[in-house]
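The values are calculated or read from the model by the stated rules, or taken from the named source; none is laboratory data. Bear in mind the structure is a predicted one, so any value in this text is a computation, not a measurement. Cβ coordinates were reconstructed from backbone atoms using ideal geometry, including for glycine residues, and neighbour counts include every protein chain displayed. Accessible surface areas use protein heavy atoms only, side chains included; no ligands, DNA or RNA. Shrake-Rupley method; radii C 1.70, N 1.55, O 1.52, S 1.80 Å.
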Amino acid sequence: MSMWTIRGTQIPLSDHPLFMGIVNATPDSFSDGGRFLQADAAVEHALGLVSEGAALLDIGGESTRPGSEAVPVEQELERVIPVIARLAEATSVPISVDTCKAEVARRALRAGARIVNDISGLQFDPEIVNVCRDFGAGVVCMHIQGTPRTMQVDPKYDDVVEEVYRYFAERLDSLTRAGLSAESIVLDPGIGFGKTAEHNLELLAGIPRLRELGRPVLIGHSRKRFVKRVLGHNVDERLFGTIGISLAAAVRGAQVLRVHDVAASRDAWLAFQAVVRWPNVTLPPE
C-alpha cells in the first residue's frame, strides 16, 4: 500500500481507487460549464459528491478545455476561494485546487485546500513549487504537451508512454530537489492534454509502466473527447464509456480517478470487485 502525504496527513492508496469529484466553478468548462459558477451551487454540488462517495474534491476556476485561454488571477480567485473556504468548514474530505497559478494555490491553501492539482506539472508558474513546499501540500503533477490553447493542434510522440515516463522521472527529480517530498506527489499522465485518442488509450494501457516510478497514478478521463472516438457519443452521452474506462484504469493500477459522476463510477467499481474477488468479499447485511 502506498501513501499520499498531504499537509501532514497520510492518505493510504490501495488497489481500491479513490474517487476525486470534479467541481468546475467556471462558465466555460467543456462538460458542465456555467452550472456551478455561483458559490452556493458549487458547494451544494461538492457536498453531493461527498455523499456519493467522493474521497477527494477538486475545485477549479479556470477552464482548461482545448483552445481555452487563461483567466486573470483575480477572477480565478473570486471563483474558487469562497467555495473552498465553505467546503473546508463543511466537510473533512480533502480539497484540491485545480490551478497552475502560485497566488491562487497560496490563497486556496490558506482557505483550507490541502492539494494543488497543476496541469502544467508545476512549470507554468515556477513559484507554485515554493508554495506547495511551504504549505506541505499534496501535489498532482500532470503531463501536458503545449498549453490548453495549443495542445490539441497536432500532438505527436514517438512513444507516448515512454516519453511521459521520462517526463515524470525528470519532474520527480526536479521537484524533490526543490524541497517537495516525493510522498506528496501523485502523477497524472494528462488524458486529453496534448494527446490523440490513440495516445490516450496507449497511456491508459501503460499505467503499469508509469507506476514503476514509485508514485501513485491519477487518471482524469471523465466525459472527455476521446470517449467520443471510442463510442461515437457526444459529451452528454459519455457516462457509460467513462465508467468502462474507470474500471479498466483501476485494474491497470490507477489509484485515484477524477470523475464527474462519483456515484456511478463507485458503484460500478464495487459491483465489479464483488464478482472478481468472490468469495473474498464481505457484503453488508440484508
Of everything in the stretch 182-200 that's more than 29 Å from R133 (Cβ to Cβ) and part of a helix (DSSP H, G or I), which residue is modelled with the lowest pLDDT? A197
Looking only at residues in the stretch 71-99 that are out of contact with any Leu (no Cβ under 9 Å at 6 or more places or on another chain) and in contact (Cβ under 8 Å) with a residue 40 or more places away in the chain, which one is surrounded by the most Cβ atoms within 10 Å (Cβ to Cβ)? D98
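One residue is enough: does the stretch 169-181 have a residue meeting the conditions in a helix (DSSP H, G or I) and open to solvent by less than 10 Å² (accessible area, probe 1.4 Å)?
Within the stretch 169-181, the subset in a helix (DSSP H, G or I) is 169-177.
Of the ones still in play, those that are also open to solvent by less than 10 Å² (accessible area, probe 1.4 Å) are 175.
Taking every residue of the stretch 169-181 in turn, at least one turns out to be in a helix (DSSP H, G or I) and open to solvent by less than 10 Å² (accessible area, probe 1.4 Å).
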Any idea which residue in the stretch 39-61 is farthest from D267 (Cα to Cα), counting only those that are in a helix (DSSP H, G or I) and touching a residue at least 60 places away in the same chain (Cβ under 8 Å)? L49
Anything in the stretch 129-144 that is at negative phi and either open to solvent by less than 40 Å² (accessible area, probe 1.4 Å) or in contact with a His (Cβ under 9 Å, 6 or more places away or on another chain) (or both)? List them, or say none. V129, V131, C132, A137, G138, V139, V140, C141, M142, H143, I144
Count, please, the residues in the stretch 142-186 that happen to be touching an Asp or Glu at 6+ places or on another chain (Cβ under 7 Å) and hydrophobic (A, V, I, L, M, F, W, C). 3
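Scan the stretch 48-57 and tell me whether some residue there is open to solvent by 10 Å² or more (accessible area, probe 1.4 Å), at pLDDT below 95 and within 29 Å of Q255 (Cβ to Cβ). Walk me through how you get there before you give the answer.
Within the stretch 48-57, the subset open to solvent by 10 Å² or more (accessible area, probe 1.4 Å) is 48, 50-53, 55.
Pick out the ones that are also at pLDDT below 95 and you get none.
Looking for residues that are open to solvent by 10 Å² or more (accessible area, probe 1.4 Å), at pLDDT below 95 and within 29 Å of Q255 (Cβ to Cβ), one finds none in the stretch 48-57, hence no.
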Taking the condition of being under 20 Å from the mean Cα position of the chain (by Cα) and either at pLDDT 95 or above or of a type in the set (K, R) (or both), how many residues in the stretch 127-162 meet it? 18
Condition check for M20: closer than 23 Å to A250 by Cα, open to solvent by 60 Å² or more (accessible area, probe 1.4 Å) and either modelled with pLDDT under 95 or in a strand (DSSP E or B) (or both): no
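One line per residue, one yes/no per condition, for (1) under 19 Å from Y167 (Cβ atoms); (2) crowded, with 21+ Cβ neighbours inside 10 Å:
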| residue | (1), (2) |
| --- | --- |
| T196 | yes, no |
| H199 | yes, yes |
| E202 | yes, no |
| R209 | yes, no |
| G220 | yes, yes |
| R225 | no, no |
| D236 | no, no |
| G253 | yes, no |
| V256 | yes, yes |
Subset of the stretch 238-251 that is over 18 Å from E198 (Cβ atoms) and among the β-branched types (V, I, T) - its residue that is least open to solvent (accessible area, probe 1.4 Å): T242
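For the stretch 79-163, please list each of the strands (runs of 3 or more DSSP E) lying entirely inside it that holds at least 1 residues being in contact with a Lys or Arg (Cβ under 7 Å, 6 or more places away or on another chain). Let's see the steps before the verdict.
Values: elements: 95-98, 115-118, 138-142.
In the stretch 79-163, the matching strands (runs of 3 or more DSSP E) lie at 95-98, 138-142.
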Qualifying residue in the stretch 186-205 (condition: touching a residue at least 60 places away in the same chain (Cβ under 8 Å) and out of contact with any strand residue (DSSP E or B) (no Cβ under 6 Å at 6 or more places or on another chain)): yes
